[in-house]
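The block underneath contains the structure these notes are about, expressed in C-alpha cells.
The values are calculated or read from the model by the stated rules, or taken from the named source; none is laboratory data. Only a predicted model underlies this, so the values are computations on that prediction, with no experimental measurement involved. Here the Cβ positions follow ideal geometry from the backbone for every residue, glycine too, while neighbour counts run over all protein chains shown. Heads up: the accessible areas ignore ligands, DNA and RNA and are worked out on the full protein's heavy atoms, side chains in. Shrake-Rupley method; radii C 1.70, N 1.55, O 1.52, S 1.80 Å.
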Amino acid sequence: MAKIKHNNFLDTVNDVFTDAKQEGVLHLYAEGSEFTGRMIGVKNRNLFHFGTTGYLGLEQDYRLKEAAINAIRKYGTQFPLSKSYISNPLYKELEEKIGQMYQNPIIITKNSTLGHLGVIPSAVKDQDAIILDHQVHWSVQSAAKVLKNRSVPIDMIRHNDLNMLEDKIKSLSNKRQRIWYMADGIYSMYGDYAPLKELKTLSAKYPQLHLYIDDVHGMSWIGENGTGYALSELKQLSENVLLFGTLSKTFGASGAVLVCSNKKRYNEIKTFGGPLTFSAQLEPASVAAATASAKIHLSSEIYTLQNDLKERIRFFNTQLEQTDLPLIDKNDSPVFYIGTGMPKTGYNFVNRLMKEGFYVNLGIFPAVPVKNTGVRITISRHNQEAEIKDLVAAMAYHFPKALEETQTNIKRVYQAFKLEPKIKTKETFKDTLVVQLEDSINKIDKTLWNELLGNQGVYDWEGLKFLEQTFKENDLKEHNWKFRYLIIYDQDKCPIFATFLTLGLWKDDMLASVNASKRIEYERRSKPYYLTSYVLSLGSLFTEGNHHYIDEKHPMKQLALNKLMQVLEGLEQKFKAKMVVLRDFPERGKLKVYFQGQGFVKVQMPNSCKIDLVDNETIEMYIDKLSSRNKRHYRKEILFNEPLLKIEVLDKCDKDQLNQIQELYNNVHQNNLGLNTFSFPEKLFTNMSKHPNWEFITICPRDKTKKLIGVMLCYKNGNQTYVPSFVGMDYQYLREFHTYRQLLYQTIKRAINLKYKHIELGMTASFEKRKLGATVEEKYAYIQTSDNYTMELMGILE
C-alpha cells in the first residue's frame, strides 16, 4: 500500500498558537522605558505582573544589577571563546559559590535547554533506557530523543504514575544496565510536585533506577541555600541522581547548573558534553549577576526572602478558598492554574483580566491538553497583598462572565479536568432547539436520514442498519460498538444538524508512524490491549466521508453546534471515553476555528480519493481522459494482465470463498500499519454475502480459477454512489498481476456499468488511485482529550 502522510506536530501547534495570537494573548511585546517587576506594560496599559518566573524578585536586586554593570565595564559584553579552551575570569568564583550551595560537583551551562542536550547524551549510555514523565519539560524530551539514533529505548508514563513506572522498570530490568526516569521537580503549568520521596523509595527497591530531575521551577524559593524543591525532599544527592537547577528564573541571573553526585560523573560530562563543549559561554554580566545571587543564597537572607514569598502564597491561597474558581492543583508552590477548559474561554478570561489591569499567562497546548486550557498565575515578592486581593476579586467576577460569553459553564470545566465541582451548577444559557438522540437507526425516520446523509459512503439508513447488526454480540470487545444518532431541530422541527457517532476501542497509534506502530504491536503480542482507548467518534472506523449534515444558512446554526458540544461531552462522560474525534473534514472548512476554540486539535488524516462520473460515460471514454503516462501504465499493467485473470462480481459467496476473502482482507490489514486499527469481526463477511447492497469483485488466475488473489468489497448506496470499502490481496501475486491496480480498474468499470455517478475510493493509496483518474483531497480530524499522554508518547516513539 502507498505510504500514508502523517500529521506534522508543528503544524498542529502552529494552528493553536495562531488562534491565541489572533486573540491577543500570545507573542506579546512588553512596553515601557523601565521595568520594576511589579508592573508590566502591555497594549498601552500598565498591568500588575502575575506572570513572572522570578518568584523572589532577585532579577531587580540592586546587587545583581551593579555586579552585571561592573562586569561589562571590566570584561566587555561577551567573552567570545569556547569554555573548553578557557573560561571568563569571573567563572571560577561562580563555580565555587554554586558548589558551596550544593556541596556537590557542579557544571554551569548556557541555559537548561542546551544543558540537557549536552548532559543527557553523555550520562545515558547505549546499554541504558529512558522513561519520561509525560509532563516533563519539552527541553528534556527533546534531548532524550537524540538517543534514539543510538538505539536507546525511550518510553513514557502517565504523569506521576508510579505503578506504571514500576511496570516499565520490571520490563526493562533484564535488558538494560541503567533505567533513567526523567521528571520535573515542580511542573511549570499546574505547580504540582514530583513524588520524590516515593521515587527515592522506588530507586532503593530497584538499584538500576536512576533519576534525572529538572528542578528549574523549584529553585531558590525553597530548600537549604535555595537549592530547590528536589533536594529539599531527597535531603542529599545519592549516586543515582542527576539534578538540574537554574541560574535564571528565580535565581535572577542567566544560565543553568547541573549538580552531579560524584567527581567521576562530573568529569565524564564536563570533559566532552556536546553543547557544553562547543557553545558560547555565559556573558560576563550574567556570570557576575549569578555570583551576586549565589552570595545571597549562601547567606541567611535567602530564608527571609523565602518566607516573604511564602506569606504571599499563603495569602493568595486564602483568598482563592473564598471563591468557586476551579484551582486545578492546590499546593504551596508559587505557580497556580485556574482551568477554563475551552481555549476560547481562556482567551476571553485573559483579555478580561488584562482590561482589569492584571497580566497573567495563558496555559495552552502543547504545554497542556487543548481541553485543559487555563490561566497560569505566578506569585512573586513583587506582588503586594492589595493587588493579590484585587486579582482574586477580578477573577471571581470575570470567570463566570467569560463562561457565559463563550457559551459554556463551570460544570464543563470541572468535567474537562476530572474534578468534583465545589457547587451545584446550572446551565448559563437556554435555547429552543429540539434534540433527538437515539441508540439505533431503527428509531430514526428512514426518509429523513437518507435526505440528510444517505447519499454517501456506507451510512445511508440501510448501511447503518447493517453496521449495527455486524458490530454487536461479538466475542472480542473491539468488535462491539455503541451507535448513537443525533439530529438537532429548530422549534419548527426543521433539521439544523445531523450525524451518527460510534463508541469503540481504538488503537492509540492509529495515525502514528509505521515504526511507532511496529514497536507497539510487538508489545501487543503479550498484551493485546496495550495502548488502546475507548473513543467517541463522528462516523466510525468502517466508514469514510462527510459524516455530518449542517444547514449553513440557518440562523440557529451556532446554537446547534453548541448543542452538539454538550451532547458530545455528555456521551464522553457517560461512556468514559478517553478521546472525542470529529472526522473527516477538509483543511479549510468553516468549522475549523470553531472546533479549535472548543478544545479540539487538528490532525491530518490519510488523503481521501473519489471519482465523479459523467452521464452515459463508457469505460473507454473514461480511460481516454487519463494522461499519456497513466494510459501507458493502464495498457502495460492492467490491460495486458486482464485476459490472464478470471474476474467475477459475486453478490453471494460460499463458505470457501468467504474464508479466502477474509484471509485476503487480513493480509492487507496486517500490512497497513500506517492506519493501524483492529481487524473486523468474522461475521462481517458473512453478513456482506447475505446483504443485497454488498458485492465482491474477485480476481483469480486463469490457471487457478478457485484461488482468489484479490477482492474488492463494494457497497451500493442507492443509485448515486458506489463504495469500494475494503480491499484484500495475496501479496505473492501482487507484482505479477498488478493486483491492486487491476482491482481499482475493475471497480471503476463496474460503477460505470451500473450507471453510478460517484465512486468513493476512500483513504490511503492515493498515489495509486490518482493514476486511474481519482481526485485527491486532504482530510483532517479534530481530536479532543484531557490527556496529552498518548499524543506525546507517539511523538517519542516516532
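Worth a mention:
- The heavy atoms of LYS197 present about 110 square angstrom of accessible area, all protein chains included, probe 1.4 Å.
- In sequence order, calculated HN-Hα J values of the stretch 317-324 (Karplus, 6.51, -1.76, 1.60; Hz; x Gly/Pro): 4, 4, 5, 5, 4, 8, 10, 9
- Cβ-based net charge around GLU777, under 10 Å, with every Lys or Arg adding one and every Asp or Glu removing one: -1
- Listed peptides 655-661, 545-551, 596-602, 25-31 by packing density, highest first (mean Cβ within 10 Å): 596-602, 545-551, 655-661, 25-31
- Mean accessible surface per residue for the chain, computed with a 1.4 Å probe while every protein chain stays in place, in Å²: 43
- Restricting the stretch 488-552 to GluC sites (Glu not before Pro) in coil, as DSSP defines it, with at most 10 other Cβ within 10 Å: GLU552
- Taking the Cα centre of the stretch 696-798 as reference, the dipole from Cβ charges on Lys and Arg (+1) and Asp and Glu (-1) amounts to some 940 debye.
- Reachable aspartates and glutamates, given that their alpha-carbon falls under 13 Å from the alpha-carbon of LYS264 and they are not under 8 places away in the same chain: GLU239
- Förster-model FRET efficiency, 60 Å R0, GLN103 and ASN46, C-beta, rounded to 0.05: 0.85
- Among the GluC sites (Glu not before Pro) found in the stretch 234-332, those both in a DSSP coil and sparsely packed, with 13 or fewer other Cβ atoms within 10 Å of their Cβ, are GLU239.
- For a modelled paramagnetic label at THR304, 7 Å from Cα along Cα-to-Cβ, the residues of the stretch 21-62 in reach, with backbone nitrogen under 17 Å, are 56-62.
- Within the accessible area of the chain (1.4 Å probe), percent carbon and sulfur: 49
- Converting phi to 3J(HN,Hα) with the Karplus coefficients 6.51, -1.76 and 1.60 and the offset θ = phi - 60°, the stretch 117-122 yields 5, x, 7, 4, x, 7 Hz in sequence order, with x at every glycine or proline.
- Using bins of 20 Å that start at zero, the share of Cα-Cα pairs per bin across the chain amounts to 14, 40, 31, 14, 1, in whole %.
- Unit charges on C-beta of K, R, D, E only; dipole of the stretch 54-153, Debye: 300
- Nitroxide proxy distance, nm - points 7 Å out along Cα→Cβ at LYS655 and GLU166: 5.1
- Estimated Rh, the stretch 176-327: Kirkwood, alpha-carbon pairs, angstrom: 17.3
- Sites ASN480 and ARG735, calculated FRET efficiency, Cβ-Cβ separation with R0 41 Å, nearest 0.05: 0.60
- Trypsin sites (Lys or Arg not before Pro) within the stretch 216-293, DSSP loop, no more than 13 other Cβ atoms inside 10 Å: LYS235
- Solvent-accessible area of LYS92 with every protein chain in place, 1.4 Å probe, in Å² to the nearest 10: 140
- Listed residue pairs exceeding 22 Å between alpha carbons, taken from LYS465/LYS652; LYS65/LYS295; LYS477/LYS507; LYS205/LYS235; LYS97/LYS310; LYS418/LYS578: LYS97/LYS310
- On full extension, the segment bounded by LYS465 and THR18 gains 156.7 nm, given 0.36 nm per residue less the C-alpha separation.
- In order through the stretch 10-19: 3J(HN,Hα) via Karplus (6.51 cos²θ - 1.76 cosθ + 1.60), integer Hz, x for Gly, Pro: 5, 5, 5, 4, 4, 4, 5, 5, 4, 4
- Normalised by 2.2 N^0.38 Å, where N counts its residues, the alpha-carbon radius of gyration of the stretch 88-206 equals 1.17.
- Using the rule -39500 (n - 2.57) for each DSSP H run of four or more residues, divided by the residues of the chain, the 222 nm mean residue ellipticity is -11500 deg cm²/dmol.
- Here is the P(r) of the stretch 1-117: all C-alpha pair distances, binned every 5 Å from 0, give 2, 7, 9, 13, 15, 14, 12, 11, 10, 4, 2, 2, 1, 0 in whole percents.
- From the largest down, the stretch 339-414 spans 32, 26, 20 angstrom on the principal axes of its Cα atoms.
- Rounded to the nearest 20, the size of the Cβ-charge dipole of the stretch 300-385 about its Cα centre is 380 debye, with Lys and Arg at +1 and Asp and Glu at -1.
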